[in-house]
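*Asks:* Sharing a structure below in structure tokens format, with a few things to ask.
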Amino acid sequence: MSKVYLSSPHMSGNEQPYIQEAFDLNWVAPLGNNVNGFEQELSSYNGVAHTTVLSSGTAAIHLALRILEVEPDDHVFVSSLTFVATANPVLYEHANPVFIDSEPDTWNMSPVALERALQDFDKAGQLPKAVIVVNLYGQSAKMDEIMSVCNSYGVPVIEDAAESLGSEYKGQKSGTFGHFGIYSFNGNKIITTSGGGALVSNDEAAIQKARFLSTQARDPAVHYEHSQVGYNYRMSNIVAGVGRGQLEVLDQRVQQRRAVFKRYYDAFHQIDGISFQPELEGTYSNKWLTALTIDPKQTGVSRDHIIESLSENNIEARPVWKPMHLQPLFEGSIYYPHQIDDSVSEKLFKDGICLPSGSNLAIEDQERVIKIILVVLN
Ligand SMILES: *Cc1c(COP(=O)(O)O)cnc(C)c1O
């Protein structure tokens, strides 16, 4: 039995000519035509004015925080239900993350909890320098509500669209709503460059600043002159070539992932106690990962039991992300639940599971996954 992965790289064959061109021109590093081309192609795909490509999605979040002048002891509000990379850059700047719960309709940041947090911090004269909102597993957050409450307090939004490249909210591409958006091209994401990320914005000066900071913050001078801390965060020309080839098949990858989701949905949605992550009306998810909850009371089976049974059959499945406010790393951080006595992310973490969702998942393999789960449930 071959191993079935949660989400593995899926190359298209279109990458090689771009890489070959970089070799032919000896434009291997640092910058070059693939970097420029990938930036332009990403901008036009997403309908955003400016893009800079970087070594990772984490680097993109870090630069966004630097450009928004997050300083030690500042506050940054962050979705709690996410991968740690969303929150780590807040610690790089010695600022304090404040974690905001999810709501049940998208599993993403609760606008109600966000508003309560903003009210409290405003009263204390400590408005956050930024709000980082995540689009979990490809599903857009309630961006209208989130943008409207953040705008009313004048707090800039960073949209962590690492998992939602290709998704839409009311016809607009995910990642283009906030002051900044970030994407990831890590190996497990919907398209990959082996590793990489992008920062996007309609603010041209901000993206220029990001390019400056990502290349060691060299002031204009023939000798090497520096007046600010910089980073080595730029994407290489070879890596960008991989990205150009992958971007050509992004829409196809979205359709393939949605087809994977549909097969799981058809197999399980009628079972009492199973609920899929909803696709909010007016949104279009890339369905990066199919995520669902399994209520042990109704099904008689725990999420962990299903993960174990799959693992025994060489199939990788994972719990939904462990919320950041429950992580030892962030012990003592402030957390705003959806309602005072209702923590949605904790419930999702308790019963939530992500199933193998790769765009290259063979139908026979997916049928194996489905069959094992049905056997365990019966
Ligand atoms: C993958 C991911 C990141 C980080 O991207 P890298 O390119 O791996 O640094 C950030 N946020 C979320 C939600 C992610 O899933």
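The values are calculated or read from the model by the stated rules, or taken from the named source; none is laboratory data. Not measured: the values here are computed from a predicted model. Because the Cβ atoms are built from the backbone with ideal geometry, glycine has one as well, and the counts that use them run over all protein chains shown. Heads up: the accessible areas ignore ligands, DNA and RNA and are worked out on the full protein's heavy atoms, side chains in. Shrake-Rupley method; radii C 1.70, N 1.55, O 1.52, S 1.80 Å.
*Asks:* Calculated FRET efficiency, residue 265 and residue 329, Cβ-Cβ r, R0 30 Å, to nearest 0.05?
*Replies:* About 0.30, to the nearest 0.05.
*Asks:* A further question on this structure: Could you tell me the relative contact order of the chain? Use alpha-carbon pairs under 8 Å, at least six residues apart, and round to a whole percent.
*Replies:* Rounded, it is 25 percent for the chain.
*Asks:* Is the shape of the chain best called rounded, prolate or oblate, per the rule: a/c under 1.5 gives rounded, else a/b larger than b/c gives prolate, else oblate, with a ≥ b ≥ c the square roots of the Cα gyration tensor eigenvalues?
*Replies:* oblate
*Asks:* Which percent of the accessible area of the chain is formed by carbon and sulfur heavy atoms (probe 1.4 angstrom)?
*Replies:* 50
*Asks:* Can you give the FRET efficiency for residue 208 and residue 26, using 1/(1 + (r/R0)^6), R0 = 22 Å, r = Cβ-Cβ distance, to the nearest 0.05?
*Replies:* 0.20
*Asks:* Could you order 3, 350, 209 by accessible surface area, starting with the largest, using a probe radius of 1.4 Å?
*Replies:* 350, 3, 209
*Asks:* Okay, next question. What do you get for GluC sites (Glu not before Pro) in the stretch 18-126 restricted to DSSP loop and a cutoff of at most 14 other Cβ within 10 Å of the site's Cβ?
*Replies:* Qualifying residues, ordered by number: 69.
*Asks:* I would also like to ask the following. Keeping all protein chains in place, calculate the accessible area per residue for the stretch 250-377 (probe 1.4 angstrom), answer in Å².
*Replies:* 48
*Asks:* Hey, what did the stretch 10-114 get for relative contact order, percent, Cα under 8 Å, at least 6 apart?
*Replies:* 17
*Asks:* Counting only helical runs of four or more DSSP H residues, what would the 222 nm mean residue ellipticity of the chain come to if each run contributes -39,500 (n - 2.57) and the total is spread over all its residues?
*Replies:* Helices in the chain give a 222 nm mean residue ellipticity of -11500 deg cm²/dmol.
*Asks:* Which one, 89, 38, 60, projects farthest toward the positive side of the charge dipole computed for the chain from Cβ point charges (K/R +1, D/E -1)?
*Replies:* 38
*Asks:* Further question: Using each residue's phi in the stretch 124-139, evaluate 6.51 cos²θ - 1.76 cosθ + 1.60 at θ = phi - 60° and report the 3J(HN,Hα) Karplus result to the nearest Hz, with x for Gly and Pro.
*Replies:* Residue by residue, the stretch 124-139 yields 7, x, 10, 4, x, 6, 6, 10, 9, 10, 9, 10, 5, 6, x, 7 Hz.
*Asks:* For the stretch 250-377, what is the relative contact order in percent, using Cα pairs closer than 8 Å and at least 6 residues apart in sequence?
*Replies:* Result for the stretch 250-377 is 32 percent.
*Asks:* Arrange the peptides 290-301, 326-337 so that the one whose residues have, on average, the most other Cβ atoms within 10 Å appears first.
*Replies:* The densest-packed peptide leads the list: 290-301, 326-337.
*Asks:* Let me ask something else. Report ³J(HN,Hα) in whole Hz for each residue of the stretch 149-164, in order, from the Karplus equation J = 6.51 cos²θ - 1.76 cosθ + 1.60 where θ = phi - 60°; Gly and Pro get x.
*Replies:* 6, 5, 4, 5, 9, x, 9, x, 10, 10, 9, 7, 9, 4, 9, 10
*Asks:* Let me ask something additional. Heavy-atom accessible area per residue, the stretch 109-149, 1.4 Å probe: how many Å²?
*Replies:* Accessible area per residue: 32 Å².
*Asks:* What base-10 log of the normalised intensity I(q)/I(0) is obtained for the stretch 259-378 from the Debye formula, alpha carbons as equal point scatterers, at q = 0.10, 0.22 Å⁻¹?
*Replies:* Calculated log10 I(q)/I(0) at the listed q: -0.34, -1.34.
*Asks:* Let me ask something else about it. So, R0 is 41 Å and r is the distance between the beta-carbons of residue 302 and residue 40; what FRET efficiency does that work out to, to 0.05?
*Replies:* 0.25
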